[in-house]
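The values are calculated or read from the model by the stated rules, or taken from the named source; none is laboratory data. Computed from a predicted structure; not experimentally measured. Heads up, the Cβs are rebuilt from the backbone with ideal geometry, glycines too, and the neighbour counts pull from every protein chain shown.
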Protein chains: 2
Amino acid sequence: MPSEFDLIAQYFTRPAPDGVLGVGDDCALFPVPAGMQVATSKDLLVSGRHFYPDVAPRALGHKALAVNLSDLGAMGARPIGCLLGLALPTAEPAWLAGFAEGFHALAARHGCALIGGDTTRSPHDLVISVTVFGAVDPARALRRDAAKPGDDIWVSGRLGAADVAYRLLDGQLPADPARLAATRGALEWPEPRVALGQALGGIAHAAIDLSDGLLQDLGHILTASKAGARIDYAALPLADALAGLPEPVLRRAALGGGDVYELCFTAPPEARDAVLAAGAHTGAPVARVGAITAEAGIQVRDAQGRPLADLPGGFDHFGPA
Amino acid sequence: MPSEFDLIAQYFTRPAPDGVLGVGDDCALFPVPAGMQVATSKDLLVSGRHFYPDVAPRALGHKALAVNLSDLGAMGARPIGCLLGLALPTAEPAWLAGFAEGFHALAARHGCALIGGDTTRSPHDLVISVTVFGAVDPARALRRDAAKPGDDIWVSGRLGAADVAYRLLDGQLPADPARLAATRGALEWPEPRVALGQALGGIAHAAIDLSDGLLQDLGHILTASKAGARIDYAALPLADALAGLPEPVLRRAALGGGDVYELCFTAPPEARDAVLAAGAHTGAPVARVGAITAEAGIQVRDAQGRPLADLPGGFDHFGPA
């Protein structure tokens, strides 16, 4: 009799793409195009910390892969495949089927087939560990240390909705079912900017994906690039669903809100048309929100050019990336 | 102030090898030699399931990487690098320093630098997720589906010590401090057969590493290769530290004992000298223990050629690999 955990493997086993050795050997094997390097990233998601235990399993399967694909996007890499590690306190078929469905659907859309992994029982916590692989021309990789003073700073998509959804669910904002309905998709179904990242190769200098909030993530670029930044607060593209919220809530969502999985990137001013074309070509709105400066630190300015006070706490508290 | 978890990252951050982009960007980047494919594997270790919570942290750091390097060895791949995911209920500096020391020491011996990963807090369970990458010529990869009827079956090293140590610690065998001292190293400090695996490329047909026990792991080769096997029980190389144990304990340790992290591989009879040379060249004892058959199933024979009864349960119960 196959064990419960052998059966679990069946939810996650799919035929491997041509030329790839997938699930079922000691290792998966995949080729890498000549001249390309392998880009790889691994994120852990832990129940009760990164997601609510009662989140829809299909959304969780989607998001577990999305946050990793977002790292490939932020590097400008083309997805090759992924590995999934699952430590599970229980094995419920309906949950597993939903999780696998959400995972595989996103994997298929991005050509990032599941080619291996490991499933085991854990005493208490549900822990999801995804590793993604992509291919990137190292000369076009969007490294964090490549921002130059004078570069424009851009963000893709809209900011703040995931943060507001999180605060509504967590009770930090008063209950508002309509607003929760309008923002929850951003929190639970982020769409990683993989195509945009690839299109920006050779155009943009540095990039990062927004997982911890704009100021904190931009700070990682600045630390690595030994530079500073000026952000024009009025230029930040807020999600429509935030309309009517008090200014402190908006400010926190825009500058400090995490779980966005949009890209923040820098590019020289002469590349503005190319950046706009890359956005249009890949269906990603892009907005120019500031500039890289030679002086360290981040200054956020209001529409009148005055430094904004009361920035979300923690943004200057980042340690090593 | 850097957070506790930023500080943790410092235990695991080391300079990346030349040509590799390591910790600190959205992705790590590494090159792959022309004509080679990437071999990758990911194993999860969960406290209370795969190791005792009070195991020495240095041993745990070693073993978390060793079981993954063992998969590269079983594929005949040369290590390139690895990612570490840690979900931790607490962050104790002494524990982290020990874990990192054991991990990095093994990584350095095998040229498998830690180039990225993720550390997070978990509510209860300590979960360790390592992903390894290696390079292998696909024409020389030791795939599970490559065994041929008539092949010899070989194992490296000695069998059974890890199983006996586990059963002594678990109370399934009566307390025996001297025997525990003689077997515990095999359980806690397995030395992955990475050099042997590479030396067997182009010589051996199929290989697997012994994590679940000889019969069960050999069974995965047989399923993938659509073949059977005959094992000569008297030829199995038992660890010296097992001398004097009752026959049922020996039999279970030799045929069903897991956590061995030696290689089981098949090679044509004309390659016997080459196999022995590969073992001698890499410091790995190798023993010929049986043969691949066209008929399905595994038959274990005693020294008189009679089928052995009372085989360890579960060996014919494997599900999908």
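Just a few scattered comments:
- Where strands (runs of 3 or more DSSP E) sit wholly within the stretch B:219-320, those with at least 1 residues that are within 23 Å of the chain's Cα centre (by Cα), at pLDDT 95 or above and hydroxyl-bearing (Ser, Thr, Tyr) occupy B:263-267.
- Candidate set: the stretch B:110-149, residues that are of a type in the set (Ser, Thr, Tyr) and at pLDDT below 95; chosen: the one surrounded by the most Cβ atoms within 10 Å (Cβ to Cβ): B:122
- Filtering the stretch B:52-61 for residues that are without any contact (Cβ under 8 Å) to a residue 12 or more places away in the chain, more than 7 Å from chain A (Cβ to nearest Cβ) and of a type outside the set (Lys, Arg) leaves a non-empty set.
- Qualifying positions in the stretch B:173-193 - out of contact with any strand residue (DSSP E or B) (no Cβ under 7 Å at 6 or more places or on another chain), part of a loop (DSSP other than H, G, I, E, B) and crowded, with 18+ Cβ neighbours inside 10 Å: B:173, B:190, B:191, B:192
- Lone unmet requirement of (1) of a type outside the set (Phe, Trp, Tyr); (2) at the interface with another protein chain (Cβ under 7 Å from one of its Cβ atoms); (3) under 15 Å from the mean Cα position of the chain (by Cα) for residue B:27: (3)
- In the stretch B:195-243, the residues that are of a type in the set (Ser, Thr, Tyr) and either more than 21 Å from residue B:284 (Cβ to Cβ) or free of Cβ contacts under 8 Å to residues at least 24 places away in the same chain (or both): B:223, B:225, B:233
- Here the condition is being β-branched (Val, Ile, Thr) and surrounded by fewer than 21 Cβ atoms within 10 Å (Cβ to Cβ); of A:282, A:266, it holds for A:282 alone.
- Filtered residues of the stretch A:139-173 (kept if at positive phi and within 15 Å of the chain's Cα centre (by Cα)): A:157, A:160
- Every listed requirement among (1) surrounded by 24 or more Cβ atoms within 10 Å (Cβ to Cβ); (2) within 15 Å of the chain's Cα centre (by Cα) is met by residue A:212 save one, (1).
- Hey, residue B:32 in a loop (DSSP other than H, G, I, E, B), more than 7 Å from chain A (Cβ to nearest Cβ) and surrounded by 19 or more Cβ atoms within 10 Å (Cβ to Cβ) or not: no
- Hits in the stretch B:79-92 - residues which are in contact (Cβ under 8 Å) with a residue 40 or more places away in the chain and either assigned to a loop (DSSP other than H, G, I, E, B) or farther than 22 Å from residue B:28 by Cα (or both): B:88, B:91
- In the set (1) surrounded by 14 or more Cβ atoms within 10 Å (Cβ to Cβ); (2) without any contact (Cβ under 8 Å) to a residue 60 or more places away in the chain, residue A:246 fails one condition alone, (1).
Listed here are the residues, each with its yes/no results for (1) modelled with pLDDT under 95; (2) crowded, with 24+ Cβ neighbours inside 10 Å.
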{"position": "A:42", "(1), (2)": "yes, yes"}
{"position": "A:48", "(1), (2)": "yes, no"}
{"position": "A:51", "(1), (2)": "yes, no"}
{"position": "A:58", "(1), (2)": "no, no"}
{"position": "A:63", "(1), (2)": "no, yes"}
{"position": "A:69", "(1), (2)": "no, yes"}
{"position": "A:72", "(1), (2)": "no, yes"}
{"position": "A:89", "(1), (2)": "yes, no"}
{"position": "A:97", "(1), (2)": "yes, no"}
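- Filtered by the rule that a residue be facing another protein chain (nearest Cβ under 7 Å) and not in a strand (DSSP E or B), the stretch B:114-152 gives B:122, B:123, B:124, B:125, B:138, B:141, B:143, B:144.
- Within the stretch A:91-113, the residues that satisfy the criterion of being within 26 Å of residue A:263 (Cα to Cα) and within 14 Å of chain B (Cβ to nearest Cβ) are A:112, A:113.
- Filter result for residue A:147 (small (Gly, Ala, Ser) and touching a Ser or Thr at 6+ places or on another chain (Cβ under 6 Å)): yes
- Filtering the stretch A:194-209 to residues that are under 20 Å from residue B:28 (Cβ atoms) and either modelled with pLDDT under 95 or not in a helix (DSSP H, G or I) (or both) leaves A:201, A:204, A:205, A:206, A:207, A:208, A:209.
- Selection count, the stretch A:154-172, where residues are part of a loop (DSSP other than H, G, I, E, B) and buried (at least 17 other Cβ atoms within 10 Å of the Cβ): 3
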